[in-house]
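Reviewing the structure listed below.
The values are calculated or read from the model by the stated rules, or taken from the named source; none is laboratory data. Here the structure is a predicted model, which means the values were calculated and not measured. Note that we place each Cβ from the backbone using ideal geometry, even for glycine, and neighbour counts take in every protein chain shown.
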Amino acid sequence: MSYLAIVLSLGAVSESSQAQEPAFKSKPATGSLPEAYKRLADSLEHYGTPIPYLRHVLSEHERVQVKYRRKMGKSGPSAVPDWLTEEHIAKMERSWAKLSPSLELDAFAKRTGKRINAALSEREGFVVEMLNAHQAQTFEMMTGNGKRGHFSGLKREFLARLDSSSAIDHAVAVETGLSVEMAKLYRELLSLQRFRKSDFGKIDRFYGDKQGRDALSKLGQDRVSRRVAAGLRDSKLSGQLSEDRKRFQATLESANLIEEDLHLILRAVRSGLPAKDAAMIEKWLNSMMSEAAEAAHAELMVGILEWALDKN
């Protein structure tokens, strides 16, 4: 599984040149993971390639390293993967240019960027919630208060969400601050079709436990508050449950369309080339998309590193 346009008029010019360059190229590294993936999506949608975004992340890494050495008198911890070098990016760029005409990679990238942006535009869609939850883990890890927060964990979580069609599974999974007991109770509250008098004790227990409602994200608190209010008002939660499922399915479909699009390209590769050559291109394309996603995660880490440096 791989991974996620500012269009402004510049006057009387051709349609192909009417799109202004994405703003990320002039902005510092972000401390927001959804924003980092939006910048990647803008690069894909505007340029038809992740290369400009990769160069942006590398440039920001180098800028923050210079800033760190000036302030601390030594090199700072690296927030980017070892592969993210200009030499590697240039090699990726040559391969992309060589393969793009036959595989229509530019068109694929633009569709992918548009779909990632669509998924990110849904405030309560599973993509944004998952990225926010992982962002908190990465912050804790980089400030010495946690061990989770690596890109590999984000990738596993994303794949798990794509393998599940349950909005409730997702809602529970992103609430990493809940204790095991409260996570189980949270699932029960979200799963109830009706609230009965016998359920009020569960609500009181969840709201009264510091590892219950208080440990939820803001979206999680809003979600359970809406669910409880609906249940106490008319004892019917079908409308709220339906909205949650629709919202989840909408973002799930955006993500799955990217995967389906990639599979179409790979099927064409397998049918038109010898097995060895097809396998090589398939490996390269999967690696390219995974590295682009990892670069967005790296930008978050660079942004957090600069935040910590400025605070010191």
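Screening Leu178 on (1) at pLDDT below 85; (2) crowded, with 16+ Cβ neighbours inside 10 Å; (3) of a type outside the set (Val, Ile, Thr); (4) not in a helix (DSSP H, G or I) shows it passes everything except condition (1).
Residues that are surrounded by fewer than 16 Cβ atoms within 10 Å (Cβ to Cβ), modelled with pLDDT under 75 and under 18 Å from the mean Cα position of the chain (by Cα) occur at least once in the range 239-249. Ala90 meets all of the listed conditions (1) more than 20 Å from Ala308 (Cβ to Cβ); (2) surrounded by 13 or more Cβ atoms within 10 Å (Cβ to Cβ); (3) at pLDDT 90 or above; (4) not charged (D, E, K, R) but one, namely (2). Would you confirm whether any residue within the range 153-172 is aromatic (Phe, Trp, Tyr), within 25 Å of His297 (Cβ to Cβ), assigned to a helix (DSSP H, G or I) and touching an Asp or Glu at 6+ places or on another chain (Cβ under 6 Å)? Among the residues of the range 153-172, not one is aromatic (Phe, Trp, Tyr), within 25 Å of His297 (Cβ to Cβ), assigned to a helix (DSSP H, G or I) and touching an Asp or Glu at 6+ places or on another chain (Cβ under 6 Å), which makes the answer no.
Checking the structure you have, find out if any residue of the range 137-147 is under 20 Å from Ile258 (Cβ atoms) and crowded, with 20+ Cβ neighbours inside 10 Å. The answer is no; no qualifying residue exists.
State whether one or more residues within the range 55-69 are exposed (fewer than 13 other Cβ atoms within 10 Å of the Cβ), within 23 Å of the chain's Cα centre (by Cα) and either in a helix (DSSP H, G or I) or not acidic (Asp, Glu) (or both). No, that holds for no residue.
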